[in-house]
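Single-structure report; data block below.
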Amino acid sequence: MALIERMGPRGMGISVPMSEPAATSVEGAHPGLGGLGALVREFRDPLAALRRIVEESTRLIKPAQGASVELVDGEALRCVSGVGILRDLVGHRLPMNGSLAGRAVQCGSTLRSDDAGNDVRVDRVAAARLGIVSVLCVPLRYTDRLVGALTVASSSPSAFSDRDVATLGGLSSFMTAAVTAAIHLSSATAELISASHDTEGDRDLAAISDFISNVLRPGALADLEAADRVEHVLRTELLDVVYQPIVDLVTGRVVAAEALARFAPEPYRPPQVWFAEAWQAGFGPDLELLAIEKAVERVERLRDGVRLALNLSPQAILHPRVAPLLTSLSGERFTIELTEHVAIDDYPGVRRALAGLCKAGVQIAKPPRRSVAPYFLKSNRVVRSPMAGALRGT
């Protein structure tokens, strides 16, 4: 793993990996560790810490359209992380005397440029290439030493205020400490696990694993246990579907059957809890897809004219297996209602996916608060298979 030695003006060096770190003895060291290895990786990687810093900087400073971190590399700076309009800087060296970040490191003060194209302190060629007009550079300190700079940028003139300067400047020491802590965390954790494995039994090792997990991130152990539960359901398909009739109040006729997921594992936990944990653990679309597959298995048993109503998230709509699943039979058998519980990250993609499903005959319900048409009622009576009132011959 290549390292670059970051030497500050007063001789302080910070070693940061220029590629993803290889696995250490923490991961896979002992089955009693459970998901601790992944959690340690999340916190111990300095590059991951730098990514979080630049990403959060663009959220904190609203006018920022990009952010980057430059660390001292000999007589220059090298960009080691960047997002937005500064992402193309990653890996490039910046002159100490010919860039605003370099000057901020040299003088130890936050510097701002409201018009980069006419500012002699700025690398104007790079600014023009990246479309940068406003720049704000904050020196990063490690104890009493300067080791680099955080830069935020915008394509608009005079984008940053005095308040933005004060906000980022106040976080300088914290940001450097976060990176430094990540560098040291892995080795310290590995030593603790190794010593515990050599001297204690599995029960004590598991207890130490729980301790480390909850110190690194309070509630992390509960998250890992939730992920294990969801994975078990996905692996064993311990999920069933019940059907709730949707009735036309004028005619009394069942016009649709809404599919509702139910989970077998004990103790009982409401479906919304299962899906919330699945999304938190990164398995949301997978669990939704399993529920859809279970529901669609019985669609042919519905009477003619009775649709199967499915609640789907925007991410599930975009899943590559959903459209073929709903159109392999007849799209006219399905009604889709988009859930409100998950934000839409890709509006154009969701629109295209819904348009394709509509073209195949799938009906798209209105937003949840008005999901059923006037004079329709979702009955409170949940019908388990066979679907009484909605099935052929009943």
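At a glance:
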| read-out | value |
| --- | --- |
| Sorted by Cβ density within 10 Å, fewest first, the residues Cys107, Cys137, Cys79 | Cys107, Cys79, Cys137 |
| Exposure proxy ranking, count of Cβ atoms within 10 Å, fewest first, for Ser330, Ser99 | Ser330, Ser99 |
| Distance in nm between pseudo-label sites at Arg93 and Leu238 (7 Å out along the Cβ direction from Cα) | 5.9 |
| Cβ crowding within 10 Å averaged over residues, with 58-68, 272-282, 229-239 ranked highest first | 58-68, 272-282, 229-239 |
| Viscosity 0.890 mPa s, 25 °C: Kirkwood-radius Stokes-Einstein D of region 39-164 over Cα pairs, µm²/s | 172 |
| Cα-projected label distance for Arg351 with Glu297, points at 7 Å along beta-carbon direction, nm | 3.8 |
| Gained length - Arg51 relative to Cys107, 0.36 nm times residue gap less alpha-carbon distance | 17.6 nm |
| Cα-based shape type of region 132-181, given that a ≥ b ≥ c are square roots of the gyration tensor eigenvalues and the cut on a/c is 1.5 | prolate |
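We did not get these values from a lab; they are worked out from the coordinates using the rules stated. This one's a predicted model, so the numbers in the text were calculated from it and none came from an experiment. Backbone-built Cβ (ideal geometry, glycine too); neighbour counts: all protein chains shown.
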